[in-house]
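*Asks:* Below you'll find the structure I mean.
The values are calculated or read from the model by the stated rules, or taken from the named source; none is laboratory data. The model shown is predicted, which means the values in this text are computed figures rather than measured ones. Because the Cβ atoms are built from the backbone with ideal geometry, glycine has one as well, and the counts that use them run over all protein chains shown.
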Amino acid sequence: MTNMTKTITLPTVPREFGLYSNGKWVAPQGRNLFERRSPAHGVPVTRTIVGTESDLNTAVASARTAFEDRRWAGLTGQQRAEVLLKAASLIRERAEELAMLETFETGKPISQSRGEVLASAGIYDYAAGAARMLHGDTFNNLGDEMLGLVTREPIGVVGLITPWNFPFFILAERLPFILASGCSVVAKPSDLTSTTTLIMAEILTKAGLPDGVFNVVTGSGSTVGEALSHHPDIDMLSFTGSTAIGKRVLAASAGNFKKLSLELGGKNPHLIFADAHLEDAVDGVIFGFCFNAGQCCVGGSRLLVEKSILPKFEQLLTQKLSRLRVGDPLNAQTQVGAIVNEKQHQIIHDYIERGLKQKARIVTQGTMSTSAEGLFVQPTVFSDVTSDMDIATDEIFGPVLAILPFETMEDAIRIANDTIYGLSATIWTQNLSTAMRAVRSIRAGCVWVNTTISGGPEMPSGGFKQSGIGRETGLYGVEEYTEIKSTHIALGPRTHWVS
Ligand code: NDP
């Protein structure tokens, strides 16, 4: 525990990483490198290889060989579980190193990175159990002459494309379940935040994962990601990212009919009914739109408040927001760190301008730093927003909240569902029947009642509508990575077709 409290300092020289293919590092020397600067401090922190299509092809070939010779798929669930449990314990051993890299590259507070790394270790533990739970079915009711078996098999070689907002945690929500199923993997993390995924490859090898089962190719989405989505030797693709790129991946996958798991964007509503515990709701709303500086796919960026309590709610919200600690992610007290890069910082700035131009009422307008000061954004809250405004419809991915008042339950549900997305929703009420009517009516893959952005590996995640296809995590998550085979076994003498 002592190393968890030590002061963090920025590296004086950026750390260099190679690619991870076939159980070995491919050295960065002599390669074209991408330099990542800390978005909070502007200094270079890591360098990674700008991977090419040829790097990707090599990694896919390794994964294919590893899958076909059954060095992993042919093991027992218990053997796979042992590797995942060992990996969880190695993550804990390297937790501080992983948390630091995560904070350097993403700009998120160090306390949050530490929490995410340790929570990730817990997911590997859980997935170890899932490796032993996979089973099929039998049909003994097909008559005396027939027995039916339904078995699950690993789907094959999986491409895994992950975003920059929770690089290590999102990897943990997918990778151990894919491995639990017996598949081989080629991962392509976001080029902004690839190094913790690379370290995970090293950890898995040390934990006993056979060479070639997990490979990581760094590089840009437009080269490596695009090639992975088109690759004829990839059987399934798990993509987490924006809805716009998700559509490209969907189209690219048609070439060989890859199975897809897509976890995409959201414009998630919080519904505050007049009987809600207001202090709790205010706290949850702030957490919902400011956690990870608002760069959170399930964060609540639309706030639907019953009209009768709107003034009181806005007052409590403003008071509490003034106490939120935004700043240097290396400071253990910081709650909201930096925005990931200048592009995202500019997008947030432009949406705030559009909110002002479209005449939404400002409740609090946060300041934005210049890039020389580090990429920080104080939270901004707009009220009297209408469903046609850009800040009500678009996923901004920053700490910007749009308040839309409602009068009746029907109103609230209509507004909540008036979006192309369906990732998550949060309901605040002390009335059980109000809560359950709302839960039933809202079209979203995840609904929280009187809490938000909480959960564990038991619960699947995924979206309705344009928020995605399929489910990740938990037993549902493992099953996504399997194919189902029906085997019909004749037990009696054959009645001949041709006499
Ligand atoms: P992007 O869609 O831009 O990128 C996601 C990943 O796809 C990155 O690894 C990126 O690589 C890669 N990529 C980019 N272009 C292509 C391409 N043409 N083909 C294949 N892969 C490509 O999303 P962001 O990284 O900007 O993440 C933010 C978005 O992700 C938000 O919209 C958010 O809602 C969504 N998201 C959804 C989550 C969910 O669980 N539903 C979780 C987290 C985020 P590179 O960065 O190297 O270009």
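*Asks:* Suppose we filter G30, G51 for residues that are surrounded by 15 or more Cβ atoms within 10 Å (Cβ to Cβ) and in a loop (DSSP other than H, G, I, E, B); which single one remains? Write out each step before concluding.
*Replies:* Working: G30 fails: surrounded by 15 or more Cβ atoms within 10 Å (Cβ to Cβ).
Step by step, each of G30, G51 is checked, and only G51 is surrounded by 15 or more Cβ atoms within 10 Å (Cβ to Cβ) and in a loop (DSSP other than H, G, I, E, B).
*Asks:* Can you tell me which of (1) away from the ligand (no atom under 16 Å from the Cβ); (2) closer than 28 Å to A276 by Cα; (3) of a type outside the set (A, V, I, L, M) is the one Q358 doesn't meet?
*Replies:* For Q358, the failing item is (2).
*Asks:* Report yes if S238 is touching a residue at least 40 places away in the same chain (Cβ under 8 Å) and in a strand (DSSP E or B), otherwise no. Full working, then the answer.
*Replies:* Working: touching a residue at least 40 places away in the same chain (Cβ under 8 Å): yes; in a strand (DSSP E or B): yes.
Judged against the criteria, S238 is a match.
*Asks:* Within segment 243-251, is even one residue within 9 Å of the ligand (Cβ to nearest atom) and within 21 Å of A438 (Cα to Cα)? Let's see the steps before the verdict.
*Replies:* Taking segment 243-251 as the starting set, the residues that turn out to be within 9 Å of the ligand (Cβ to nearest atom) are 243-246, 248-249.
Narrowing further to those that are within 21 Å of A438 (Cα to Cα): none.
Checked segment 243-251: no residue is within 9 Å of the ligand (Cβ to nearest atom) and within 21 Å of A438 (Cα to Cα).
*Asks:* Please list, ordered by residue number, the strands (runs of 3 or more DSSP E) wholly in segment 374-453 having 3 or more residues that are surrounded by 24 or more Cβ atoms within 10 Å (Cβ to Cβ), assigned by the TED database to the domain that holds E314 and modelled with pLDDT of 95 or more.
*Replies:* Correct list: 380-383, 400-406, 424-428.
*Asks:* Does any residue of segment 98-111 turn out to be buried (at least 19 other Cβ atoms within 10 Å of the Cβ) and polar (S, T, N, Q)?
*Replies:* Scanning segment 98-111 turns up at least one residue that is buried (at least 19 other Cβ atoms within 10 Å of the Cβ) and polar (S, T, N, Q).
*Asks:* Note down all Cβ pairs under 6 Å where the first residue falls in segment 284-303 and is within 19 Å of Q365 (Cβ to Cβ), the second is assigned to a helix (DSSP H, G or I) and within 13 Å of the ligand (Cβ to nearest atom), and they're at least six residues apart or on different chains.
*Replies:* Qualifying pairs under 6 Å: none.
*Asks:* Moving to a separate point now. Those residues that are away from the ligand (no atom under 16 Å from the Cβ), of a type outside the set (S, T, Y) and not in a strand (DSSP E or B), I need them from segment 291-317; list them, please. Reasoning before the result, please.
*Replies:* The first filter runs over segment 291-317 and keeps only residues away from the ligand (no atom under 16 Å from the Cβ), leaving 303-317.
Subsequent filtering for residues that are of a type outside the set (S, T, Y) retains 303-307, 309-317.
Within segment 291-317, K307, I309, L310, P311, K312, F313, E314, Q315, L316, L317 meet the criteria.
*Asks:* Something else about it: Going through K359, K320 one at a time, which residue ends up being in a loop (DSSP other than H, G, I, E, B) and loosely packed, with under 15 Cβ neighbours inside 10 Å?
*Replies:* The unique qualifying residue is K359.
*Asks:* Say we look at segment 145-175 and pick out the residues that are within 16 Å of the ligand (Cβ to nearest atom) and of a type in the set (A, V, I, L, M); which of these is nearest to the chain's Cα centre (by Cα)?
*Replies:* That would be I170.
*Asks:* In the list G456, G445, which residue meets the criterion of being under 23 Å from Q295 (Cα atoms) and out of contact with any Lys or Arg (no Cβ under 8 Å at 6 or more places or on another chain)? Write out each step before concluding.
*Replies:* Values: G445 fails: out of contact with any Lys or Arg (no Cβ under 8 Å at 6 or more places or on another chain).
That would be G456, the only listed residue that is under 23 Å from Q295 (Cα atoms) and out of contact with any Lys or Arg (no Cβ under 8 Å at 6 or more places or on another chain).
*Asks:* Hey, could you check segment 54-90 for residues that are among the charged types (D, E, K, R) and more than 26 Å from the chain's Cα centre (by Cα) and say which is surrounded by the most Cβ atoms within 10 Å (Cβ to Cβ)? It would help to see each step written out before you state the result.
*Replies:* Keep residues of segment 54-90 that are among the charged types (D, E, K, R), which gives 55, 64, 68-71, 80, 82, 86.
Restricting the remaining residues to those that are more than 26 Å from the chain's Cα centre (by Cα) gives 68-71.
Working: E68: 12, D69: 12, R70: 12, R71: 16.
Here the residue is R71.
*Asks:* Taking T205 as the residue in question, decide whether it is away from the ligand (no atom under 13 Å from the Cβ) and either in the same structural domain as V340 (by the TED database) or surrounded by fewer than 24 Cβ atoms within 10 Å (Cβ to Cβ) (or both). Write out each step before concluding.
*Replies:* Working: away from the ligand (no atom under 13 Å from the Cβ): yes; either in the same structural domain as V340 (by the TED database) or surrounded by fewer than 24 Cβ atoms within 10 Å (Cβ to Cβ) (or both): yes.
So T205 passes the test.
Condition check ((1) touching a helix residue (DSSP H, G or I) at 6+ places or on another chain (Cβ under 7 Å); (2) not in a strand (DSSP E or B)) across all residues:
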| position | (1), (2) |
| --- | --- |
| K206 | yes, yes |
| L209 | yes, yes |
| T223 | yes, yes |
| D233 | yes, yes |
| H270 | yes, no |
| A274 | yes, yes |
| F289 | no, yes |
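*Asks:* Further, regarding this structure: Taking the residues in segment 456-499 that are surrounded by 15 or more Cβ atoms within 10 Å (Cβ to Cβ) and without any contact (Cβ under 8 Å) to a residue 24 or more places away in the chain as candidates, determine which candidate is nearest to I245 (Cα to Cα).
*Replies:* Residues of segment 456-499 that are surrounded by 15 or more Cβ atoms within 10 Å (Cβ to Cβ), as a first pass: 457, 460-482.
Subsequent filtering for residues that are without any contact (Cβ under 8 Å) to a residue 24 or more places away in the chain retains 460, 476.
Numbers: P460: 22, Y476: 24 Å.
Result: P460.
*Asks:* Which condition from (1) under 18 Å from the mean Cα position of the chain (by Cα); (2) at negative phi is the one that D233 breaks?
*Replies:* Status for D233: all satisfied but (1).
*Asks:* Restricting segment 214-242 to residues that are of a type in the set (S, T, Y) and more than 7 Å from the ligand (Cβ to nearest atom), which is surrounded by the most Cβ atoms within 10 Å (Cβ to Cβ)? It would help to see each step written out before you state the result.
*Replies:* Within segment 214-242, the subset of a type in the set (S, T, Y) is 218, 220, 222-223, 229, 238, 240, 242.
Okay, now just the ones that are also more than 7 Å from the ligand (Cβ to nearest atom), so 218, 223, 238.
Working: T218: 26, T223: 18, S238: 28.
Per the stated criteria, the residue is S238.
*Asks:* Answer yes if at least one residue in segment 262-271 is of a type outside the set (D, E), more than 16 Å from the ligand (Cβ to nearest atom), under 21 Å from V439 (Cα atoms) and in contact with a strand residue (DSSP E or B) (Cβ under 7 Å, 6 or more places away or on another chain), and no otherwise. Quick ask: steps written out before the conclusion?
*Replies:* Within segment 262-271, the first condition is being of a type outside the set (D, E), and the residues that meet it are 262, 264-271.
Filter once more, so that each one left must be more than 16 Å from the ligand (Cβ to nearest atom): 270-271.
Still in the list and also under 21 Å from V439 (Cα atoms): 270-271.
Filter once more, so that each one left must be in contact with a strand residue (DSSP E or B) (Cβ under 7 Å, 6 or more places away or on another chain): 270-271.
Yes, that holds for at least one residue.
*Asks:* Looking at G366 and the list (1) modelled with pLDDT under 95; (2) out of contact with any Pro (no Cβ under 9 Å at 6 or more places or on another chain), which single condition is not satisfied?
*Replies:* (2)
*Asks:* Residue pairs, Cβ under 7 Å, 6 or more apart or interchain, first in segment 134-147 and acidic (D, E), second at pLDDT below 95. List them.
*Replies:* From segment 134-147, the pairs are D144/G492; E145/G492.
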